[in-house]
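The values are calculated or read from the model by the stated rules, or taken from the named source; none is laboratory data. Predicted, not measured: the structure shown is a model, and the values here were computed from it. All accessible areas refer to the heavy atoms of the entire protein, side chains included, with ligands and DNA or RNA removed. Shrake-Rupley method; radii C 1.70, N 1.55, O 1.52, S 1.80 Å.
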Amino acid sequence: MLIVFLFSFLQGFTEFLPVSSQGHLIAFNEIFELDDLSNISIHQSTIIAHFGSFFAVALFYFKTIKGFIFSIKMIDRPDIDKNSFLLVNLVISTIPIIIAGYLFSKIFDYYSDYILVIIATTSIIFGVILFLVDTFCLRIKNQNSLNYQTSFLIGVSQCAALIPGVSRSGAILTCMRFFGFQRKFCVYYSNLLSLPVILAATTFMLMSTFENFSVDMIFNLSAILIFVFSFLFSIIFIFFFVNWVKKFTLFIFVFYRVIFGILLFFFLI
């Protein structure tokens, strides 16, 4: 039970913060071997945990999503409707990772003996890059400064998160801060962009292991707890992050990334 709780906490804590949920979940399983402690595999646990996070962000931004739905009829006129404009930009930002994610899954070995080294290294390096960009770049742009080219480049930067330890949120924040966007809008855009990305990733993982899913597995106590805890922790940390960036810099997350990376290296020694 404690392991399931910790696994769900990590998912909720890391999915929307710039610290890499994928890297944390892989490292967690390498240390605690969740597969052996629950009756579901780490792959299945990850899918369930991400669905919990998906519903959390959908609930948190319910009004925005409702606005998108009502703005679909204006999708051909994003120049006069801010909701449809933002929706089009989110779609453009999603396209690169859908393509890259499919190709990357074919060539990258997530079960490599060097996976923890990769996570530790990318956690530190990309954390330092985030610190430099967040500290020294302008912070004056908001949604009105978005354009299709910028949205596409944000989507391309998001592809870096396919490498464990980089962080999807961290990659987006680094790119958008580099372009001069305000932290508040960066987090808002990153969180909204998580919806299609999480849905696409979990759908792909579900299809690739569909034959291993069953009704008994779905209603397994561990599976239910992972979903519920991931949902609750995701809500908590979305709220925390959204409010944090209104007043503070991203340094605390950079510091955490560096410490996390160093601890992983010590674990490997």
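Under a Gaussian network description of the chain, with springs only between Cα atoms under 10 Å, the residue in Ile31, Ile75, Ile119 that fluctuates furthest is Ile31. When Rg and Dmax are taken over the Cα atoms of the range 1-117, they come to 18.1, 55 Å. Tell me the angle of helix 21-32 to the major Cα principal axis of the chain, expressed in degrees between 0 and 90 and rounded to the nearest ten. On a 0 to 90 degree scale, this one is about 10. Checking the Cα-Cα distances for Lys73/Lys141; Lys141/Lys246; Lys82/Lys184; Lys63/Lys184 against a 22 Å cut-off, the pairs over it are Lys73/Lys141. For the range 70-223, the fraction of alpha-carbon pairs lying more than 29 Å apart is 28 percent, rounded to a whole number. Between the alpha-carbon centres of the range 38-100 and the range 144-182 there is a gap of 16 Å.
Solvent exposure of the chain, expressed per residue, is 50 Å² of accessible area, with all protein chains present and a 1.4 angstrom probe. Using a probe of 1.4 angstrom, how much of the accessible area of the chain is carbon and sulfur, in percent? Of the solvent-accessible surface of the chain, carbon and sulfur hold 73 percent.
With an 8 Å cut-off on Cα pairs and a minimum separation of 6 or more residues, tell me the relative contact order of the range 129-182 in percent. Working shown, then result.
Values: 51 pairs, mean separation 30.0, N = 54.
Rounded, it is 56 percent for the range 129-182.
In units of the compact-protein estimate 2.2 N^0.38 Å, the chain shows a Cα radius of gyration of 0.99. Give me the Debye-computed log₁₀ of I(q)/I(0) at q = 0.23, 0.24, 0.25 Å⁻¹ for the range 110-181, equal point scatterers on Cα only, no solvent, two decimals. Treating every Cα as an identical point scatterer, log10 I(q)/I(0) equals -0.98, -1.03, -1.08.
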